[in-house]
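What follows is a set of notes on a single structure, which appears directly below.
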Amino acid sequence: MRTLYCGELTGAEIGKTVNLFGWVDRRRDHGGVIFLDLRDRSGIVQIVSDPERTPDSYETAEKMRNEYVVQITGRVSRRPEESLNSKLPTGEVEIYADEIKLLNGLGKQLPFQVSTAENEPVREELRLKYRYLDLRRDRMSRNLQLRHQTIKAIRRFLEDDEKFIEVETPILTRSTPEGARDYLVPSRVNEGEWFALPQSPQLFKQLLMVSGFDRYYQIARCFRDEDLRADRQPEFTQLDMEMSFMSQEEILELNEKLVAHIFKQVKGIDLPLPLPRLTYAEAMDRYGSDKPDTRFGMELVDVSDLMKDSGFKVFSGAIASGGIVKVLPIPGGNDAVSNVRIKPGGDLFKEASEAGAKGLAYIRVKDGGKIDTIGAIKDNLSEAQKQELLDRTGAQPGHLLLFGAGDAGTVNKTLDRLRLVIGQQLGLIDKDKINLLWVTDFPMFEWNQDEKRLEALHHPFTAPHPEDVGELKTARAQAYDLVFNGYEIGGGSLRIYQREIQEKVFEAIGLSAEEAYSKFGFLLEAFEYGTPPHGGIAYGLDRFVMLLAGEESIRDTIAFPKTQQARCLLANAPSAVDKKQLKELHVASTVKEKK
């Protein structure tokens, strides 16, 4: 029987005989005395085998190698004064091994070193192929345990303090393609019909509100067939919540308490409440983003009114076409950002181009408040306009002013991207700082240029602001996102719970009555049977844990993630299947086999 985990041994166990299990992290031979670092998921403890004090284990200890699986029985001793290790939780003690039992060795050479003493970088492809070895390493072990602690804190707060109950919703459901692409599953017993894997439990959790389960939560698996990046996966985990009979203010307050509880339990941090709030309009105006990183300044400044009558045609023309002109003021930018970087071929020009901008205009503020630029900007501004520009942007000598001109979407996207890149390069972002805020009052809809129609900015079940119900197409939504250091970690809204309003929203996004009933008839019918007012929120749990862990990719907080090509290198999935299986499912592949 295991007495303790390795990382749990302290001075309190000195003199006791213990039984430990784990992996040999490292073996060291110091002049006839052999030291083994024994590792399990809790940490490392030092094992000693001495030919005089522990002769029965010495011969076995000589044969030990990294990653051998062993059982150790021995006495806990205090380390000699000169070998105490304050950096290690178990650094006060060591185990003199009366017995070392080899449970399993290695049949192959390790593809990379697992030991915490080895700091060699390992390619991610190799880490994912041998993920079971990667998970033994200290970094990944800590990340998964932090994930567990986060989920544990969530459950305890919601169940014990706030009377939520967990309800599981279906994994096999129907396709409702309003959003990302669905993962589809053919039905064998219902020929020609398909299930879809859920992108979220949205409809079912609303139906649970109709059912009277007024405080629901679920640690839910969700699936989206979308283009991947560092903070996305084709399958991911959400903390899903829904609540009846609560106002938006009450929902936000409850969730602030939840987040504060997580930070306290997992990181030992007291989060100041209430959290700051910005409306969507304020966030876009000041930062060009609905998920602003507020750990540093460099806020955008709208100068459209100042530039609409300027002689600089790029600016005045953009405004005349319904666009805007904004400035990104960069303190110290004159020294830090060269002209080469802003011009075609430069890294900042490339960032702007990828955001949709055709180029970058700029002004440098010199000593005495004089402005300088290459191009026609300053020559087409009056002295009064120049002074107003300096006043609005707060520009001082040494400032670089980068301009964005065009449609609002492109300008905001461009300057937001440049703000983050330059803020990072100038060291303006404090990595240890934690900034959380709510963004509220999103628009109900955005225009889909490709399909020439309105689509829901969040989803079509979001309730419009009561003051805006009369004109849905320009209405504000009763929606809210929680932003953590520039990442959206949670989003939710009050929901529509009246059939007539839901039908109007379906109509606004271009669904006919027949299409709406075909796809969502079960929800519309449920609204006829006494649906309470309700709202909810969903957190991207993988992304939240990524930020808590200080990682840059959610793959480092998921046990068995997919690559950016949506492949599992460990199990080599997806893979081809037998033609017999396809025949049973009434489907056939149209892909031509490669030679």
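The portion of the accessible surface of the stretch 465-595 made up by carbon and sulfur, rounded to a whole percent, is 51 (1.4 Å probe; DNA, RNA and ligands excluded).
A 1.4 Å probe run over the chain, with the rest of the protein chains in place, finds 51 Å² accessible per residue.
Compared with the direct C-alpha span, the chain from F245 to V69 gains 57.9 nm at full extension, assuming 0.36 nm per residue. Scanning the chain for long hydrophobic helices, with DSSP H runs required to stretch 20 angstrom or more by C-alpha along their axis and to average at least -1.0 on the Kyte-Doolittle scale, returns 248-262, 408-425. Centroid-to-centroid, using Cα positions, the stretch 231-291 and the stretch 314-342 are 33 Å apart. Rounded to 0.05, the FRET efficiency of the D407 and D56 pair, given R0 = 51 Å and the Cβ-Cβ distance, is 0.05. Between L110 and I429, the simple spin-label model (points 7 angstrom out along Cα→Cβ) gives 3.3 nm.
With r as the distance between the Cβ atoms of I219 and I14 and R0 = 35 Å, compute the FRET efficiency 1/(1 + (r/R0)^6) and round to 0.05. For R0 = 35 Å, the calculated efficiency reads 0.30. Within the accessible surface of the stretch 1-89, defined with a 1.4 Å probe on protein heavy atoms only, the carbon and sulfur portion equals 49 percent. Full extension of the segment from A336 to R142, taken as 0.36 nm per residue of separation minus the current Cα-Cα distance, would add 66.1 nm. Under the simplified labelling scheme, the V33-E525 pair shows an inter-label distance of 7.8 nm, with each label point 7 Å from Cα along Cα→Cβ.
Annotation for the stretch 239-305: chymotrypsin sites (Phe, Trp or Tyr not before Pro) lying in DSSP loop with at most 13 further Cβ atoms inside 10 Å of their Cβ are F245. Over all other residues within a Cβ to Cβ distance under 9 Å of I34, the charged ones net out to -1, with Lys and Arg as +1 and Asp and Glu as -1. Positive contributions from Lys and Arg (+1) and negative ones from Asp and Glu (-1), summed over other residues with Cβ under 10 Å from the Cβ of V266, come out at +4. Only Lys, Arg, Asp and Glu carry charge here, each on its Cβ (+1 for the first two, -1 for the last two); on that basis the stretch 181-334 has a dipole of about 380 debye about its Cα centre. Between the C-alpha center of the stretch 1-32 and that of the stretch 48-76 there is a gap of 10 Å.
Roughly speaking, to the nearest percent, how much of the stretch 129-286's 1.4 Å accessible area is carbon and sulfur? Carbon and sulfur: 49 percent of the exposed surface of the stretch 129-286.
Dividing the Cα radius of gyration of the stretch 90-161 by 2.2 N^0.38 Å, with N the residue count, gives 1.57. Between E99 and E125, the FRET efficiency from the beta-carbon distance, with R0 = 51 Å, is close to 0.80.
Ranked by the mean number of other Cβ atoms within 10 Å of their residues, highest first, the peptides 248-254, 474-480 fall in the order 474-480, 248-254.
Give me log10 I(q)/I(0) at q = 0.17, 0.21 Å⁻¹ for the stretch 57-96, Debye formula, one equal scatterer per alpha-carbon, no solvent. Values, matching the q order: -0.61, -0.84. Compactness of the stretch 412-542, taken as the C-alpha radius of gyration over 2.2 N^0.38 Å, stands at 1.29. Computed over the Cα atoms of the stretch 51-124, the ratio of the radius of gyration to the Kirkwood radius (Rg/Rh) comes to 1.03.
With the simple spin-label model, which puts each label point 7 Å out from Cα in the Cβ direction, the E354 to R188 separation comes to 4.5 nm. Here the chain yields Rg over Rh of 1.04, to two decimals, using C-alpha coordinates and the Kirkwood radius.
The values are calculated or read from the model by the stated rules, or taken from the named source; none is laboratory data. The shown structure was predicted, so the numbers you read here are calculated from the model rather than taken from an experiment. We place every Cβ from the backbone using ideal geometry, glycine too, and count neighbours over all the protein chains shown. Side chains included, ligands, DNA and RNA excluded: accessible areas come from the protein's heavy atoms. Shrake-Rupley method; radii C 1.70, N 1.55, O 1.52, S 1.80 Å.
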